[in-house]
Amino acid sequence: MKKISVSSTHIDILTQNGEGMTEDKCLAGVLSKTAEGYKFEETLRKRRGPLNPKLFDGKYCSLVKLKNGKYQIHMKALQIDQQTSNDGLAFKIYSDVFAALSIIGL
């Protein structure tokens, strides 16, 4: 995932129920570029949407955004054997967490 920042732009947000966006609500939809700026259109959900959208899926961890707006890191199961180096494994996990946090701008 690549982060792109666009400053001083206009965005039209079209929601299914006409409500505005809030900090604790995640919307699923389509973002498109228009002549005036950008347009986000919320998609119609026929089924229950994902509970917590996954923002990053690395080798050692994944990052999800909770409905309350907070982020949560989940560790994956580790295969550890006699040749596993504590320092090497710790650095690989750190690198994965750092990449995940870079996506949200920390």
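Observations
- Among beta bridges that DSSP assigns inside the chain, antiparallel share in %, nearest 5: 75 percent
- Mean residue ellipticity (222 nm) of the chain, computed from DSSP H runs ≥ 4 via -39,500 (n - 2.57), nearest 500: -5500 deg cm²/dmol
- Measuring nothing but how far apart in sequence close Cα pairs (under 8 Å, 6+ apart) lie, relative to its length, the chain scores a relative contact order of 22 percent.
- The Cα atoms of the range 66-106 give a gyration tensor whose axes a ≥ b ≥ c have a/c of 1.5 or more with a/b no greater than b/c, which makes the shape oblate.
- Here the gap between residue 19 and residue 78, fully extended at 0.36 nm per residue and compared with their Cα-Cα distance, gives a gain of 16.9 nm.
- Share of carbon and sulfur in the accessible heavy-atom surface of the range 1-100 [1.4 Å probe, %]: 52 percent
- Residues of the range 51-80 falling in the label zone of residue 43, defined by backbone nitrogen less than 16 Å from a point 7 Å along Cα to beta-carbon, are 51-55.
- Cα centroid separation, the range 7-44 to the range 45-106 (Å): 27 Å
- Of the trypsin sites (Lys or Arg not before Pro) in the range 12-91, the ones in a loop by DSSP (not H, G, I, E or B) with at most 15 other beta carbons within 10 Å are 25, 45, 46, 47, 48, 59, 67, 70, 76.
- Contour minus Cα-Cα distance for residue 67 and residue 33 (0.36 nm per residue): 9.6 nm
- The residues of the chain expose on average 81 square angstrom of accessible surface per residue, using a 1.4 Å probe on protein heavy atoms.
- On the principal axes of its alpha-carbon atoms, the chain has extents of 57, 33, 19 Å, going from largest to smallest.
The values are calculated or read from the model by the stated rules, or taken from the named source; none is laboratory data. Here the structure is a predicted model, which is why all the values come from computation and not from measurement. For neighbour counting, all protein chains shown are included, and Cβ atoms are generated from backbone atoms with ideal geometry for every residue, glycine included. Calculation scope for accessible area: heavy atoms of the full protein, side chains included, ligands and nucleic acids excluded. Shrake-Rupley method; radii C 1.70, N 1.55, O 1.52, S 1.80 Å.
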